[in-house]
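Where a number appears in this text, it was derived from the coordinates with a stated rule and is not lab data. Just so we're clear, the structure is a prediction, and the values are computed from it rather than from any experiment. Virtual Cβ from ideal backbone geometry, glycine too; neighbours counted across all protein chains shown.
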Amino acid sequence: MIYKISLILALVTLSFSFSVAAQGQVNRNIESEKIDQIFSQWDKDGSPGCAVGIYHEDEIIYQNGYGEANLDHGIPNNPETVFYIGSVSKQFAAAAIAVLADMEKISLDDDINDYIPQMPEYDETIRVKDLVHHTSGIYDLYSLLSLAGMSVEDVLSLEEKVELISSQSTLNFTPGSDDLYSNSGYTLMNIIIEEASGKTLREFTDEYIFQPLGMENTHFHDDRTMVVPNRAMSYQPDGDGFRLSYINNFEGVGPGGLYTTIGDMLKWDQNFYDNQIEEAPNFYDIMHTPGVLTNGDTLDYAFALNLDEHKGQKRYGHGGSFMGFRADYRRFPEHHFSTAVFCNLGNITPSNLTRQIADLYLEEAFEEYLEEYTGIYHNSDMDVDYEITIADGNLYLDRKASPSGEMRYIDRDEYRIGGWNFEFTRNDGEVDGFKVSSGRARDVIFEKR
């Protein structure tokens, strides 16, 4: 058996399994006006914008479109609009590798030279899983294109891209010893998938993922001449208006290249709870197995899913950004709650939008987690008190001077407001103060009263 469910999979399943009991903390009674307000600046004629889908359990509890998908023709964005989702595409390419591994067509420990013989024989083996977890050390494709005087707008075949990647005699680091985001790895996956299955990435994902899941409006766009009904165009700001940013002659699948809709993403989201890919019964476990470096450190990245936390709640997902398209998909598995935001304007940051949506729907869970940070904090040197409170699922710094107001969550025990960074301290596990850094004053100590 090429791929076995090992102890690490069992541990990952235990660590990353979701709690059904926590689902009751999703407030499904959020007024639509509150969601619309988040997108209000783009909700007008003559502006690009976004489509949003909010998923709970097995349904879309809110969906809408804001702004226009095509400014030439005044076509509005809506939940049926087909968006290019940039690097969110990577989790679908990684899923193809996961399915092949579960089908025993490949092993994640295989040497990539077994499938891509034109790659150099480096001192250390690059394994398939190194491509998945960005631990290969291979130089990034788009960085190489720039260094070589080429552009993503140049029409390059997959073979030409692989030739550029394989022409490099050195690596960023020894494979497996570090991680560095590399679009090259996901480009090379095309070759591995085709060698192992006899199908292109598009053909394989169509047959084994999109068709079984009923994702009828999703495909890897490996033919730039293909007509895509309901496709959004993409834009960048240009003075008081906008300019077209869509690259008509670009075709590159693996690191990007996926087109999909808000409705189809629900079907993808639900497959993490009720797997419909018969050929891959271990799909969830494989997709949530993080990379492990040779020094034993475990990454927070698994098969193009960032495995992190937001205000104490497990959160998995990925963002995407290319040619004026912006996308973000985040799943809170403990609550069976997810959000997808797809945008066609290059200066939108959809990760901020999915965060604001989560703040509304998961306010109760967030406030339970944040409660331990509230209280009065005192600095004896200056004889000054700061008060930290909770509102709307967020921490707030209450002081008469600036900065004050909402504190942005960065990580466990770390928050930021304006240019100030707060690092909370603990004693026997209990929050007992914080250190605040502001400009050239670092780690100023406040103790909790």
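Some points to look at:
- In region 297-409, a dipole from Cβ-located charges (positive for Lys and Arg, negative for Asp and Glu) runs towards its positive end, and of Ile376, Leu395, Ala358 it is Ala358 whose Cα lies farthest in that direction.
- Kirkwood Rh in Å, taken over region 366-449 so that all alpha-carbon pairs contribute: 12.8
- Diffusion of the chain by Stokes-Einstein, at 37 °C in a medium of 0.692 mPa s and with Rh set to the Kirkwood radius over alpha-carbon pairs, works out to 140 µm²/s.
- Mean projected area in nm² (Cα convex hull; one quarter of hull surface) for region 277-316: 3.7
- Cα-centre dipole for region 374-448 with unit charges at Cβ (Lys and Arg positive, Asp and Glu negative), debye to 20: 360
- Mean Cβ neighbour count within 10 Å, used as a protection proxy, ranking 363-369, 424-430, 167-173, 136-142 highest first: 136-142, 363-369, 167-173, 424-430
- Projecting the Cα atoms of Ser87, Thr218, Ile417 onto the charge dipole of the chain, computed from C-beta unit charges around the Cα centre, puts Ile417 farthest toward the positive end.
- Between Lys199 and Lys400, the contour length at 0.36 nm per residue exceeds the alpha carbon distance by 66.0 nm.
- Label-point separation, Glu423 to Ser166 (7 Å along Cα→Cβ), nm: 4.7
- In the chain, lysine pairs closer than 22 Å at Cα, eight or more apart or cross-chain: 21
- The charge dipole of the chain, taken about the Cα centre with unit charges on the Cβ atoms of Lys, Arg (+1) and Asp, Glu (-1), comes to about 660 debye, rounded to the nearest 20.
- Calculated P(r) of region 107-164 - Cα pairs past 16 Å, %: 50
- Ellipticity at 222 nm from helices only: DSSP H runs of n ≥ 4 in the chain, each -39500 (n - 2.57), divided by the residue count, give -6500 deg cm²/dmol.
- Positive dipole terminus of the chain, leading residue within Leu266, Gly296, Ser151 (C-beta point charges): Ser151
- Relative to the Cα centre, the charge distribution of region 113-179, modelled as +1 at Lys and Arg Cβ and -1 at Asp and Glu Cβ, gives a dipole magnitude of about 100 debye.
- Available extension along the chain between Asp297 and Glu278 is 3.6 nm, counting 0.36 nm per residue and deducting the alpha carbon span.
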